[in-house]
Amino acid sequence: HDRCPHRDDPAHMCPLRFWGFRKEIERHARTDAADGRVRLTVPQPLQDKLDLFSCAQVARSANVQKPDFDPPKGVLPVLKQVFRQLATPESWQAWTAGVQELSPGFLLLLSHSTEDAIAELPALEISNDVLPIAALESAYVKGPDARAPVVFLFGCSTADPELGVWSYVERFKRKEAALVVGPPSTISAQRATRFLELALPIFRQAENSGRTFGDVLPEVKRAALGAGDGFALSLVAYGDTGWKL
């Protein structure tokens, strides 16, 4: 910001004035559980690299229209340009089976936040299949052969901070996700697709460069804002951003 030629011009608002566009800001789940059963996946010596692009898995809410998901203008063709393998399960049972069989390093949920009718607890819906957040275990997140995956949790208020102990983000983190990326607000499938179309090539270009996720995310957010997408203002990565791409 100090070197911005427009910094004293009231007609310009330089994004580098804001920490979210020039710093790594981490948000972590609490680790002070008295029983010691809380495990968070963080980078370790010689075990600090993501396997982001070998395989991806994506599922959508029934609220997401097929044209916003399928070719030619949906999210699937965007993902197919970047990932070597792609799975598209249509139930939570199929989702778990895919995670355990393929060990994807990138998980994308275009899901809907709802409430389980029986448990009366927050739940995520894909393809009209509802999963109470309390039922989400490690089998839904990390496969047997995978490094810790990155979860992009887009949709209907999936990163709502008011959920507290029932936070979807915190649950994914506690069940061995390396990072959970999402906005506190609702994002449409069309907007998620346009963002991923811009963001994924930037992340892919940094693969094997030694740069960390935290190095690249502010660059992605600046690019999105520069392209006119204010969604970048609300995007947050939860977890340790020191994972290498």
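Residue 57 meets the conditions (1) at pLDDT 90 or above; (2) assigned to a loop (DSSP other than H, G, I, E, B); (3) of a type outside the set (A, V, I, L, M, F, W, C) in every case but one. The failed one is (2).
Going residue by residue through the stretch 189-199, is there one that turns out to be of a type in the set (Ser, Thr, Tyr), at pLDDT 90 or above, out of contact with any strand residue (DSSP E or B) (no Cβ under 7 Å at 6 or more places or on another chain) and assigned to a helix (DSSP H, G or I)?
yes
Would a scan of the stretch 202-212 turn up a residue that is buried (at least 19 other Cβ atoms within 10 Å of the Cβ), under 21 Å from residue 58 (Cα atoms) and at pLDDT below 90? No, the stretch 202-212 contains no residue that is buried (at least 19 other Cβ atoms within 10 Å of the Cβ), under 21 Å from residue 58 (Cα atoms) and at pLDDT below 90. Only one of the numbered conditions (1) in contact (Cβ under 8 Å) with a residue 24 or more places away in the chain; (2) polar (S, T, N, Q); (3) within 17 Å of residue 179 (Cβ to Cβ) is not met by residue 44, and that is (1). Within the stretch 51-72, being open to solvent by less than 10 Å² (accessible area, probe 1.4 Å) and of a type in the set (Ser, Thr, Tyr) holds for one residue alone: 61. Filtering the stretch 30-40 for residues that are at pLDDT 75 or above and either of a type in the set (Val, Ile, Thr) or loosely packed, with under 12 Cβ neighbours inside 10 Å (or both) leaves an empty set.
The values are calculated or read from the model by the stated rules, or taken from the named source; none is laboratory data. Every value quoted in this text rests on a predicted model; they were computed, and no experiment measured them. Note that each Cβ is placed from the backbone with ideal geometry, even for glycine, and that neighbours are counted across all protein chains shown. Keep in mind that these areas ignore ligands, DNA and RNA; they rest on the heavy atoms of the full protein, side chains included. Shrake-Rupley method; radii C 1.70, N 1.55, O 1.52, S 1.80 Å.
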